[in-house]
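A.B. asks: Please find one structure pasted underneath; my questions will follow.
FYI, it's all coordinate maths here, none of it is from the lab. Because the structure is predicted, anything quoted here is derived from the model rather than measured. Because the Cβ atoms are built from the backbone with ideal geometry, glycine has one as well, and the counts that use them run over all protein chains shown.
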Amino acid sequence: MNQQFDVLIDSFIANKVGIDKNFLSRELSKGLQQNIRQLQEDNGMKTAGIGNDRVKDANQQMRSDKICWLDKNNNNVFEQEFLELAEAFIGHLNSTCFTSINSYEFHYAVYEEGNFYKRHIDQFRSDNQRKFSLINYLNEDWLEEDGGQLYLYQDETVQKIQPESKTAVFFKSDEMEHEVALCNRSRMSITGWLKQV
Ligand code: OGA
Ligand code: MN
């Protein structure tokens with residue numbers, strides 16, 4: 001397990017972007033995908049963003065995905081397994097990199113055809129609790145023409161990552177600019193943040 005976590009951590013240290021193409025098992029990825037389908041049926045996926053209508057409108061020009069937060073109290077086996085994996089990763093990160101992460105939050109996200117998330121960073125000006133971003137993709141057989149790539153901006157270069165199932169991406173929330181390209185197909189993921197509160 002720890003050795004597996006080092007794939008993500010070592011690539012993060014080398015490139016500021018950690019990538020592990022086998023972070024989730026096929027089975028866990030499928031189970032989480034199934035949870036999202038159920039949430040969609042139950043109307044549990046909600047437009048991302050908080051605040052009054054004006055703030056919401058501004059928000060929706062930035063992003064058009066729908067989200068739902070994970071919660072251990074949901075007592076869903078796959079959700080539990082995912083959060084336990086995240087906790088184990090945090091434990092390993094804290095003990096090897098002295099990161100002092102003491103909290104986290106994760107949400108499911110669905111981008112339908114035509115959805116996007118424009119270039120941004122994950123730390124708000126008013127709140128610096130989010131230290132690291134960890135994204136897990138849940139989509140099988142993703143093709144170039146499906147769009148929806150994660151674009152990561154560093155210096156003058158753009159790194160493009162396919163949102164293929166089992167793949168995890170890890171970077172610092174306060175400095176890595178990124179974007180979700182326009183999707184031509186429904187795109188599922190779990191995105192979360194490791195925090196100091
Ligand atoms: C986010 C985000 C990227 C992705 O939710 O903040 O940037 O690839 N997601 O889903
Ligand atoms: Mn982001």
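A.B. asks: D for the chain, whole µm²/s, Stokes-Einstein with Kirkwood Rh over alpha-carbon pairs at 20 °C and 1.002 mPa s: what number?
C.D. replies: D = 125 µm²/s.
A.B. asks: Compute, for the chain, the length of the dipole vector about the Cα centre, with Cβ point charges of +1 (Lys, Arg) and -1 (Asp, Glu) only. Units Debye, rounded to 20.
C.D. replies: It works out to roughly 380 debye.
A.B. asks: Additional query: From the residues ASN75, THR99, VAL110, which one has its Cα farthest along the dipole of segment 52-117 in the positive direction, the dipole being from +1 and -1 charges on Cβ of Lys/Arg and Asp/Glu about the Cα centre?
C.D. replies: After comparing all options, I get THR99.
A.B. asks: Return a whole-number percent for the relative contact order of the chain, with Cα pairs under 8 Å and 6 or more residues apart as the contact set.
C.D. replies: It comes to 29 percent, rounded to a whole number.
A.B. asks: What 222 nm value per residue comes from the helices of the chain, counting each DSSP H run with n ≥ 4 as -39,500 (n - 2.57) and dividing by all residues, nearest 500 deg cm²/dmol?
C.D. replies: -10000 deg cm²/dmol
A.B. asks: Would you mind pulling out the separation of the Cα centroids of segment 90-120 and segment 1-28, in Å?
C.D. replies: 13
A.B. asks: Check THR99: other-chain or 5+ apart residues with amide H under 5 Å from its amide H, H built from backbone geometry?
C.D. replies: ASN94
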